Amino acid sequence: MFRTTAAITCMAALGVGLWTAPGFANKANDTLRVAWDQQIDNADAYFNTNREGIILARMVWDQLIDRDPETFQYKPALATAWRWVDDLTLEFDLRQGVKFQDGQPFDAEDVVYTLNFVSNPANKVLNTTNVGWIKNAEKIDQYKVRIHLKAPFPAALEYLAGPIPIYPHVYYAKVGPDGMGRHPVGSGPYKVESLEPGKSITLVKNTDYWNDSPKGKPKIGKIVVTFPPEKTTQLAELLSGGLDWIWYVPTDQVKNLEKVKGLTVTSGETMRVGYIYFDAAGRSGKSPLQDVRVRQAIAHAINRPEFTKTFFASTANVLKGPCFPTQFGCYQGAKQYDYNLAKAKELMKEAGYPDGFSTTLYAFRQPPSWEDALAGYMRQIGIQASIQLLQYPAFRNKNHEGVTPISFGDWGSYSINDASAILGNFFTGSADDFSGDKELQGWVQDADTNSDPKKREELYKKAIDRIMDRMYWLPMNSYAVYYAHTNELNFTPYKDEIPRYYLYSWK
Amino acid sequence: MFVYFIKRSLVALLVAITVSIVSFLLLHLSGDLAQSLAGPSASAADVAQVRKAYGLDRPIAIQYLDWAGKAIRGDFGDSLFLKQPVFPIIAERLPVTMMLGISALVIALFVSIPLGIAAALRPNSWIDRLALTISVFGQALPSFWFGLLLMMLFGVTLRWLPVSGTGGWEYYVMPAITLSYYSIPTFMRLTRAGMMEVLASDYIRTARAKGLRSMTVLFKHALRNAIIPLVAVAAVQLGFALGGSIVIESVFSLHGVGYLGWESISRADFPVVQAIVLILACFYIVLTLLADMLNALLDPRIRVR
C-alpha cells in the first residue's frame, strides 16, 4: 500500500535537484540491467502467463514466423514460407542451418514435438487459448511440416508469430517443462546464462545466432534482469546507476524523472487494456452484481476519462469496447456509458440498492492509487469496496477459483492483434468467464473459429454489443507505458508491449 | 534452577505447538489448497484427484498431525510457485535474514548503550536531549520511510552504497541501519533508566566512597546490573527484527526470508508462508527462552520468583 505514497513523498522530500546523473550506466561493460515487475512462475514459455514470460520467450526462442513490431507484417523466421492448404491445414517450409543453443540442429522434429506436446491437454500448458486450436503437427519431410487445426482458426498465424516458440525436441523430451523452466535452451538471440527464481535472470548474446533472422543479430552483450518489488526501489536504482532500464514508471514520477540528466523517459500506447470484470454469473455467491442495473450503475459512476487522464500518459485512450481498437473484430459502435452520477444512483435505486452494498475489489500490478480511485467512484453510489491487491499469479488463481465479485485487471492479449486473443479468453466459458452467458459464449467461439472474416466481424459485433449492453465487462482504457532508461541506450517502445532487447543498442 | 529451566522450556514448547496449529489452520482457511496445487486450468475432476492424492480429503486433525510430523523432520512440502521443496528454499535465504537481524542488533546496541549511559550521566544535558530526539524519531518514523531516506542519501545522491540487491557486506549496511533504528529507542531508554537507577543505589555510593575510579564504578559495578533488562529485550528485539525484515528486505530487494515471505504472501504460496511463520516463530521462542535463562543466570533473584 505504501509504494506510491512513499515514492511521491520521498521524491518530493529530497527534491530532484539533489539527484545527479547516473554515473555508471553499464555501456562500459556492455551489460544492460533491467528491472521487471513480475517474476516468472516457470521460464518455460508455455507454463507462465505473464508479460515478462512473453518477453523472455522472444529473446531465448524463435517462432516459425516473426511479426514486424512497427508494421504488424509477417516475416519468415524459423519457417521460410507458409500456406493454407485448406481451412484446417497450414503448411510450413522450414529454415535450414539453424542451430539451438545446445548445438542441436533445428528441423521438422522440433516443430512437431513442440506443437504436439503443448497442444496435448494432458500436458496442461497454462495458455490454452494460445495452443488450444492446434490438433496436431505432422512431419512431411525434414524441413516441411503441417499443422492440423481442430476447427478453422483464422488467427492461427498471429499466434504462430507470437506466443508459440519452438523448442529443441531432444532437450525438451529429456528435461520437460520443469527442466526447460530452470535451464531454458532455445535458438533465439540470447542465451540464459543463469536463472535464479525470484532473484535474477542473466542473458548473454548468442554469438552463433543464425543469419537472416528478422530479429537481427543481438547487439548488447549481456542483459541482467532483476525484480525489485518496490517501484521506489527501481527508481532509486535507476537514479543511482544501478539499473539502465525500467518500465511502468508511475505517471506522477515522470515529470521528476524527465529533469534528471542522463535519463530518457519514453512513452507509448500499448495493446494492453484495463478492465473491470463483474461476477454476473454469481460464481462468487449471490450478490447485487448479478443485477444488470447494478453493473450499469457502476459503469456510469466511474469517470473513465478522468481516471485515464489522471493516471496515464496522454497517449492512452478510453476504450469503446472490450478489446484494443487495432485488433481484428474489435467493434467500436457498442453502447457507451458516460459518467453520469444521477443516472447511476437511479439505477441503484431501481435495482433495490439505494444505500449501496459492500463488496471486494480484486486487482493486481496496478498502483494502489488506481484502486483507491475506483473504490472512490463506487463509494459515490454507496458501494463500499474493500481492495485486495495481489501479485498476478495469486490474482489469476482467485479469479479461476471464482471467488472475485469485481476484478480490476489488465490484459495484453499476448500481443495478438485479433479480438480472439481477448474475447476468446474472457467469454468462452473458461475459468476467466464470469458472464455465465451461454449465447454470448457461442458467438465468441464461432467468431474465434470461423474462416470467413466477414462472418467473424459480425459475430464479434454481436458479442461486443451483448457484453456492453449487459455490462459484463467495463473496458477502461488502453495503457500507455512509461519507460525510463539511460540515454546511452537506443530504445523504441512498441504497441504490442514487448521490449525487444535484441533490437536495442548502445549509442 | 533446573526446575525453572524445565518449566520455561515446556512453556516454549507449548507456544511452538500453538503457533504451528494456528499457522496450519490459517493455511486451510485461506483458500482451496487442492485448487492451488492443481493449477489454474485444472478441471473439477483434476482438483478432486489432487485433493485425494495429497490427502486433503482427510479430517483436518489428521492432516495437521501428518504435516507436523513431517515438519519436525524438516519436510514442509513443496512451494506452489517455485515447485521445489520449501525447506531448502528457506534454508538458502535464512543466512541473509540472520545476517541482517544480527547486524541490526549489533548496530542498535553499539549506538544505544553509549548514548544511554551518556544520557544517564548527564540528565537534561544536550546529550540527553539528543538521545531523546533520536528516540522520538526512531519510534515515529516508519521503517520503510527511513530506509527510503537512507537509500536516497547514500545510494542515489552520495553513491556510497548499493541501493538494492543481495551481495557482499555493503548490501547489508542500509537495511541493517534501517532495521536497527527501530530497536535503538527501546535499548537507549532501558540503558538510561537502568543506569540512573543503579547509579543512585547504595552499593555504587559505597564503591565511590571506597575511592574507586569512576570508570571502574561505571563499567564494572553499574553497567553489569543496569543492562540485565537489556538481555531479555535484545532477544525479543532480534525476534522482532527477523519478522520486521519482511518490509525492509522487500524495500531493499534483499533476498532473505522476509522478502520470500512477502513474495509468497502476494502469490498465495501457502506452504512457504506457513513454514516461514513457523520457523520465525520458533526462532523467537528459542531466543526468548535463551534470554530468560541468561537472565536467570545473571540475576539469581529471577529463579526464585
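Quick check on the range B:258-265. Is at least one of its residues more than 10 Å from chain A (Cβ to nearest Cβ) and without any contact (Cβ under 8 Å) to a residue 40 or more places away in the chain?
Yes: the range B:258-265 contains one or more residues that are more than 10 Å from chain A (Cβ to nearest Cβ) and without any contact (Cβ under 8 Å) to a residue 40 or more places away in the chain.
Among the helices (runs of 4 or more DSSP H) confined to the range A:298-417, the ones with at least 1 residues that are among the charged types (D, E, K, R) and modelled with pLDDT of 95 or more are located at A:304-311, A:341-350, A:368-379. Residues of the range A:492-504 that are of a type outside the set (A, V, I, L, M), open to solvent by 30 Å² or more (accessible area, probe 1.4 Å) and modelled with pLDDT of 90 or more: A:492, A:493. Out of B:218, B:212, one residue alone is free of Cβ contacts under 8 Å to residues at least 40 places away in the same chain and away from chain A (no Cβ under 14 Å). It is B:212.
The residues in the range A:382-427 that are over 17 Å from the mean Cα position of the chain (by Cα), away from every other protein chain (no Cβ under 14 Å) and open to solvent by less than 10 Å² (accessible area, probe 1.4 Å) can be counted, and the count is 3. Within the range A:148-170, residues that are closer than 22 Å to residue A:72 by Cβ have Cβ atoms under 6 Å from residues that are among the small types (Gly, Ala, Ser) and assigned to a helix (DSSP H, G or I) in these pairs: A:155/A:420; A:162/A:415; A:165/A:45; A:165/A:57, counting only partners at least 6 apart in sequence or on another chain. Of the strands (runs of 3 or more DSSP E) contained entirely in the range A:31-125, those carrying at least 1 residues that are open to solvent by 60 Å² or more (accessible area, probe 1.4 Å) fall at A:74-76, A:79-86.
Cβ separations smaller than 7 Å between residues 6+ apart or across chains give the following pairs from the range A:257-278 residues that are without any contact (Cβ under 8 Å) to a residue 60 or more places away in the chain and of a type in the set (D, E, K, R) to residues that are in a strand (DSSP E or B) and buried (at least 19 other Cβ atoms within 10 Å of the Cβ): A:258/A:265.
Condition first: more than 25 Å from the chain's Cα centre (by Cα), within 14 Å of chain B (Cβ to nearest Cβ) and not basic (Lys, Arg). Can you find one or more residues in the range A:188-205 that meet it? No. Could we say that residue B:187 is crowded, with 19+ Cβ neighbours inside 10 Å, part of a helix (DSSP H, G or I) and within 12 Å of chain A (Cβ to nearest Cβ) here? Here the answer is no, as residue B:187 does not meet what is asked. In the set (1) in a loop (DSSP other than H, G, I, E, B); (2) surrounded by 20 or more Cβ atoms within 10 Å (Cβ to Cβ); (3) away from chain B (no Cβ under 14 Å), residue A:151 fails one condition alone, (2).
Tell me yes or no: at least one residue of the range A:161-168 is crowded, with 21+ Cβ neighbours inside 10 Å, in contact with a strand residue (DSSP E or B) (Cβ under 8 Å, 6 or more places away or on another chain), within 28 Å of residue A:134 (Cβ to Cβ) and modelled with pLDDT under 95. Full working, then the answer.
So in the range A:161-168, the residues crowded, with 21+ Cβ neighbours inside 10 Å come out as A:161-168.
Still in the list and also in contact with a strand residue (DSSP E or B) (Cβ under 8 Å, 6 or more places away or on another chain): A:161-162.
Okay, now just the ones that are also within 28 Å of residue A:134 (Cβ to Cβ), so A:161-162.
Applying the additional criterion that residues be modelled with pLDDT under 95 yields A:161-162.
Yes, because at least one residue in the range A:161-168 is crowded, with 21+ Cβ neighbours inside 10 Å, in contact with a strand residue (DSSP E or B) (Cβ under 8 Å, 6 or more places away or on another chain), within 28 Å of residue A:134 (Cβ to Cβ) and modelled with pLDDT under 95.
Consider residue B:279 carefully, then state whether it is within 13 Å of the chain's Cα centre (by Cα), surrounded by fewer than 24 Cβ atoms within 10 Å (Cβ to Cβ), assigned to a helix (DSSP H, G or I) and away from chain A (no Cβ under 14 Å). Spelling it out, residue B:279 is indeed within 13 Å of the chain's Cα centre (by Cα), surrounded by fewer than 24 Cβ atoms within 10 Å (Cβ to Cβ), assigned to a helix (DSSP H, G or I) and away from chain A (no Cβ under 14 Å).
Being over 22 Å from residue B:77 (Cβ atoms) and either among the hydroxyl-bearing types (Ser, Thr, Tyr) or over 13 Å from the mean Cα position of the chain (by Cα) (or both): is that true of residue B:260 here?
On the way: over 22 Å from residue B:77 (Cβ atoms): no; either among the hydroxyl-bearing types (Ser, Thr, Tyr) or over 13 Å from the mean Cα position of the chain (by Cα) (or both): yes.
Spelling it out, it is not the case that residue B:260 is over 22 Å from residue B:77 (Cβ atoms) and either among the hydroxyl-bearing types (Ser, Thr, Tyr) or over 13 Å from the mean Cα position of the chain (by Cα) (or both).
Across the range A:251-263, the number of residues qualifying as touching a Pro at 6+ places or on another chain (Cβ under 7 Å) and either in a helix (DSSP H, G or I) or buried (at least 19 other Cβ atoms within 10 Å of the Cβ) (or both) comes to 1. Looking across the range A:264-287, not a single residue is assigned to a loop (DSSP other than H, G, I, E, B) and among the β-branched types (Val, Ile, Thr).
Taking the range B:1-14 as the range and being hydrophobic (A, V, I, L, M, F, W, C) and farther than 15 Å from residue B:72 by Cα as the test, the residues that pass are B:1, B:2, B:3, B:5, B:6, B:10, B:11, B:12.
The values are calculated or read from the model by the stated rules, or taken from the named source; none is laboratory data. From a predicted model like this one, the values you see are computed outputs, not experimental measurements. Cβ: placed from backbone, ideal geometry, glycine included. Neighbour counts: every protein chain shown. Just the protein is used for accessible areas: all its heavy atoms, side chains included, with ligands, DNA and RNA removed. Shrake-Rupley method; radii C 1.70, N 1.55, O 1.52, S 1.80 Å.
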